[in-house]
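The values are calculated or read from the model by the stated rules, or taken from the named source; none is laboratory data. Since the structure is predicted, the reported quantities are computational estimates derived from the model, not experimental observations. Cβ: placed from backbone, ideal geometry, glycine included. Neighbour counts: every protein chain shown. The accessibility values were calculated without ligands, DNA or RNA, using every heavy atom of the protein model including side chains. Shrake-Rupley method; radii C 1.70, N 1.55, O 1.52, S 1.80 Å.
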Amino acid sequence: MSATASALLLVGTGLLVLALGWGTRLPPRAPVPDAEGYLTRWQRLHDGYDPRPNPWLRGWLLLAFRCARPLARRGVRPDVVTLGTIWLALAVFVPAQAGGRWPILAGWLLVASGLGDTMDGAVAALTDTATRWGYVLDSAVDRVNDVIYLVAVWSVGAPAWLAVTTGALFSMMEYLRVRASNAGAGDVVAVTVGERATRVICCAVALVFGGLFTAYSGRIATLVMALLGALSLVALAQVIMAARRLLADRPYPG
């Protein structure tokens, strides 16, 4: 498929997502809360974990809050925002493969997709419409987008083996977090150095700087992917240690 055809397909799909979002609005509800109210609702939805003491997490959540609040006021459904992140992630490929300076645009599209992943949860919290299905859908879309981000960085020069290794490391970290949560360690288990925001930023940096320094795009992509792999390995260790600490003395429910 040509770049023009890919771009037209993405534009058409994006219009469908927008039509779905504005055509199936939520019924009127209570006023949308302020930032403090949003953080309180986020804490309630994440097994009581308080994001306020962590400046990195709090800043990322407040950024999502500012972007999500207009959508929440318009009654946009959280699932529509979730599906929109896949569209943005796929849109990354069009400028990433165009060469020249176009990967800069790809990097910013990737950031928008990663921010949208947090925005869907913010919309759900602000509109008080969080559901178990939305939680499952969001997790599934996260994993799909993670793969797309890695492929995008690979397409501008990162080695395939390094991308696969990095993906395996942070996928194992997310898997162990889910299993530990199911075993009673809480929803978050541990905030690590390799959270999804870190993955989004690293992949976006590889694309943006690859577009700025086109002669070194392959080296930049490789270096950033190696850094992300190292952070993912540390994050995996953090989750393992936290899960062991939280679950070591708890008997198996069977």
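Tabulated results
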{"item": "Exclusive hit being in contact with a helix residue (DSSP H, G or I) (Cβ under 7 Å, 6 or more places away or on another chain), in a helix (DSSP H, G or I) and over 17 Å from Val151 (Cα atoms), set Leu233, Leu207", "result": "Leu233"}
{"item": "Which listed residue is modelled with pLDDT of 90 or more, among the hydrophobic types (A, V, I, L, M, F, W, C), part of a helix (DSSP H, G or I) and within 18 Å of Thr198 (Cβ to Cβ), from Leu115, Leu150", "result": "Leu150"}
{"item": "Enumeration of residues in the stretch 182-210 that are without any contact (Cβ under 8 Å) to a residue 60 or more places away in the chain and either in contact with a Pro (Cβ under 6 Å, 6 or more places away or on another chain) or of a type in the set (S, T, N, Q) (or both)", "result": "Asn182, Thr192, Thr198"}
{"item": "Members of the stretch 222-244 found to be over 21 Å from the mean Cα position of the chain (by Cα) and under 19 Å from Glu195 (Cβ atoms), listed by number", "result": "Ile240, Met241, Ala242, Ala243"}
{"item": "Hits in the stretch 173-195 - residues which are modelled with pLDDT of 90 or more and open to solvent by 20 Å² or more (accessible area, probe 1.4 Å)", "result": "Glu174, Tyr175, Leu176, Arg177, Val178, Arg179, Val193, Glu195"}
{"item": "Unique match (being surrounded by fewer than 20 Cβ atoms within 10 Å (Cβ to Cβ), modelled with pLDDT of 85 or more and in contact with a helix residue (DSSP H, G or I) (Cβ under 6 Å, 6 or more places away or on another chain)) among Arg52, Arg132, Arg66", "result": "Arg52"}
{"item": "Matching residues, the stretch 138-162, being within 14 Å of the chain's Cα centre (by Cα), aliphatic (A, V, I, L, M) and surrounded by 16 or more Cβ atoms within 10 Å (Cβ to Cβ)", "result": "Val141, Ile148, Leu150"}
{"item": "Selection within the stretch 34-85 - touching an Asp or Glu at 6+ places or on another chain (Cβ under 6 Å) and at positive phi", "result": "Asp47"}
{"item": "The stretch 212-237 residues that are more than 16 Å from Ala158 (Cα to Cα), paired with ones that are surrounded by 15 or more Cβ atoms within 10 Å (Cβ to Cβ) and small (Gly, Ala, Ser) (beta carbon under 6 Å, 6 or more apart)", "result": "Leu231/Gly194; Ser232/Gly194; Ala235/Gly194"}
{"item": "Boolean, Ala106 is within 20 Å of Tyr216 (Cα to Cα), surrounded by 23 or more Cβ atoms within 10 Å (Cβ to Cβ), touching a residue at least 60 places away in the same chain (Cβ under 8 Å) and not acidic (Asp, Glu)", "result": "yes"}
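For every residue, the table says whether it meets (1) of a type in the set (A, V, I, L, M); (2) farther than 30 Å from Ala248 by Cβ; (3) over 16 Å from the mean Cα position of the chain (by Cα).
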{"residue": "Val136", "(1), (2), (3)": "yes, no, no"}
{"residue": "Val164", "(1), (2), (3)": "yes, yes, yes"}
{"residue": "Ala168", "(1), (2), (3)": "yes, no, yes"}
{"residue": "Ile201", "(1), (2), (3)": "yes, yes, no"}
{"residue": "Val208", "(1), (2), (3)": "yes, yes, yes"}
{"residue": "Ile220", "(1), (2), (3)": "yes, yes, yes"}
